[in-house]
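Before any comments, here is the structure.
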Amino acid sequence: MDRGTLPLAVALLLASCSLSPTSLAETVHCDLQPVGPERGEVTYTTSQVSKGCVAQAPNAILEVHVLFLEFPTGPSQLELTLQASKQNGTWPREVLLVLSVNSSVFLHLQALGIPLHLAYNSSLVTFQEPPGVNTTELPSFPKTQILEWAAERGPITSAAELNDPQSILLRLGQAQGSLSFCMLEASQDMGRTLEWRPRTPALVRGCHLEGVAGHKEAHILRVLPGHSAGPRTVTVKVELSCAPGDLDAVLILQGPPYVSWLIDANHNMQIWTTGEYSFKIFPEKNIRGFKLPDTPQGLLGEARMLNASIVASFVELPLASIVSLHASSCGGRLQTSPAPIQTTPPKDTCSPELLMSLIQTKCADDAMTLVLKKELVAHLKCTITGLTFWDPSCEAEDRGDKFVLRSAYSSCGMQVSASMISNEAVVNILSSSSPQRKKVHCLNMDSLSFQLGLYLSPHFLQASNTIEPGQQSFVQVRVSPSVSEFLLQLDSCHLDLGPEGGTVELIQGRAAKGNCVSLLSPSPEGDPRFSFLLHFYTVPIPKTGTLSCTVALRPKTGSQDQEVHRTVFMRLNIISPDLSGCTSKGLVLPAVLGITFGAFLIGALLTAALWYIYSHTPWHSPGPPRSPSRRD
């Protein structure tokens, strides 16, 4: 062959090689069918939501997030984690999380060190362990009204609708949206603000590639484009249960051009990706990928071109941050399920911890009542053989859809103290050789006393019933005797100044109202505290006022069945400031009004004087010159 024709021949050979995958993709025969869960399972974490929004509210005192969660019929379990970064060693601001669910949920909440206020429906949400946060009962509103209810407490930073989530990660202070107002829109990307993992694994399909011999298998992952097109790294975890010598596989990863891949695999395999990829053991070393077809048929053609005889898993996913593939095919015979049913196998064993958390305690008419719903027990696959108090002779009644255990405070081994009636719930289940026990309590309200105190310094040493405009006042609410099993929380406070001054809202929904009110750290005994600064912009200044606060005693177990609400108030005297107008805080209102009136009066007098001078000063218009007069 002539040397001059050699480059042309090489070019034609390369062109034919680059065109061959396309031709194969067009003629490939591979009937994709659902794969049984024992052969392959794919789970993923994504920031894509069916409806959502992210907005910026940098100057807001309260960071508000709203979650609308849809679950299938029957109780579900949810893991909800809140993360925040500290600024100068402290959290930047308080957080209100509104949690709206459509069915019963066992919630595992993690919000360590975050000043969180949680609004939820206590009849549907059950905590697996004490939440340790402030809680508020969420009204039964439709979605639009829930958003309005949340917006009344502060500008909404994010809102999202999720369908059957298994876990949610909410990052605080991460909102980077361009919107200043959060309005739900379809098919949104929440970015770093929210990531979640669906409970149902992704649909995994597989097939045999006709006309290819051998046992090489292909795992194909296709990530669909998201709402936003910013750079994104998808972590792909591949776990194949095969002996090292038994595996001959290729991993094909296809996604939008802005997606790169970080691969964490427990076996060596051939890698075929779009964009760039790197391995977890060498994350700084990026390897350039290839241009791959963006259709299922084209990707099957790529697998055949790479001599794969079996597509062990073919998965299409929304834009995700983490994808986990677990498979056990290893070149063996492909097994498919008869129908694309996507379910998570229920646990076969009963969870005693969850079971005990479902017991509801009610206290009324000098009696303690325990209720356990059978529907929830059945969902946990538990078989109950007995429910009693500490005294085994006090047994629960079977009332059709629930077990009910009731006793007066004077029987069944009740322990009565100055502020508490205590007992123990004992549950026998078939799967455990020893009974499960849980402490249950009722408050003795006749012995509890609530006090509201006003103080003049942050040391809370000198009580007072007098406030002065322009000076800071400090408030503390106490309950005596103290109840260690319950948490005292401040729900709302306002100052009634009568018809002259109206009502000043200080605290609403456990959040401070305005810049002149600050929620303080509780006392060493757990008593809630806050401070406020009172200003008057009208005269006359009221001489008295009434400070009213609504407090709640909530059990630390997270159950709201035993919540106790009380309103406490105290009369306050209001001292008018010194009319000289000089105080350590500056000029007060009467002094300002006096100076203003004096300045106005002086200005008016000066204007009148100038007008008098002007009106009494003769003015002569110019005329023709007069001839000098002649004397007689």
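Going through segment 110-161, which GluC sites (Glu not before Pro) have at most 15 other Cβ atoms within 10 Å and a DSSP loop state? Counting only loop positions with at most 15 other Cβ atoms within 10 Å, the GluC sites (Glu not before Pro) in segment 110-161 are E152.
Reported to the nearest whole Å, the Cα centre-to-centre distance from segment 441-487 to segment 351-430 is 34. Of the peptides 232-238, 540-546, 313-319, the order by per-residue mean of other Cβ atoms within 10 Å, starting with the highest, comes out as 313-319, 232-238, 540-546. Rg and Dmax of segment 461-567, based on Cα coordinates, read 15.2, 50 Å. When every Cα-Cα distance of segment 343-433 is counted in 5 angstrom steps from zero, the calculated P(r) takes the values 3, 13, 24, 23, 16, 10, 6, 3, 1, 1, 0 percent. Rolling a 1.4 Å probe over the protein heavy atoms of segment 414-553, with every protein chain left in place, gives an accessible area that is 49 percent carbon and sulfur.
Listed values for segment 298-311 are Karplus-derived 3J(HN,Hα) couplings in whole Hz (6.51 cos²θ - 1.76 cosθ + 1.60, θ = phi - 60°), namely x, 5, 4, x, 4, 4, 5, 4, 8, 6, 7, 9, 9, 8, and x replaces Gly and Pro.
Remark on segment 190-324: Rg and Dmax equal 14.8, 48 Å (Cα only). Looking at the square roots a ≥ b ≥ c of the eigenvalues of the Cα gyration tensor of segment 395-511, which shape do they give, rounded for a/c under 1.5, prolate if a/b is larger than b/c, or oblate? Verdict is prolate for segment 395-511. Net charge of the neighbourhood of L62, taken over other residues with C-beta under 12 Å away and scored Lys/Arg +1, Asp/Glu -1, is +1. Accessible surface for C363 stands near 50 Å², nearest 10, in the context of the full protein assembly shown (1.4 Å probe). Go through K216/K291; K237/K374; K143/K513; K373/K439 and tell me which ones have a Cα-Cα distance over 29 Å in this structure. The pairs that break the limit, which is 29 Å between Cα atoms, are K237/K374. Quick check: Cα centre of segment 270-321 to Cα centre of segment 147-195, how many Å? The distance from the Cα centre of segment 270-321 to that of segment 147-195 comes to 32 Å.
According to the Cα-based calculation, Rg over Rh for segment 391-448 is 1.03, with Rh computed by the Kirkwood formula. The order of the peptides 33-40, 497-504 by mean Cβ neighbours within 10 Å, most packed first, is 33-40, 497-504. Residues M269, M420, sorted by accessible area with the largest first, give M269, M420 [1.4 Å probe; ligands and nucleic acids excluded]. Counting heavy atoms of the protein chains alone, C412 has an accessible area of about 20 Å² for a 1.4 Å probe. Here K280 is the anchor, and the aspartates and glutamates within straight C-alpha reach of less than 20 Å, apart from those fewer than 8 places off in the same chain, are E239, D264.
Using bins of 5 Å that start at zero, the share of Cα-Cα pairs per bin across segment 464-509 amounts to 5, 13, 19, 23, 18, 11, 7, 3, 0, in whole %.
The values are calculated or read from the model by the stated rules, or taken from the named source; none is laboratory data. Every value quoted in this text rests on a predicted model; they were computed, and no experiment measured them. We place every Cβ from the backbone using ideal geometry, glycine too, and count neighbours over all the protein chains shown. For accessibility, only protein heavy atoms count, side chains too; no ligands or nucleic acids. Shrake-Rupley method; radii C 1.70, N 1.55, O 1.52, S 1.80 Å.
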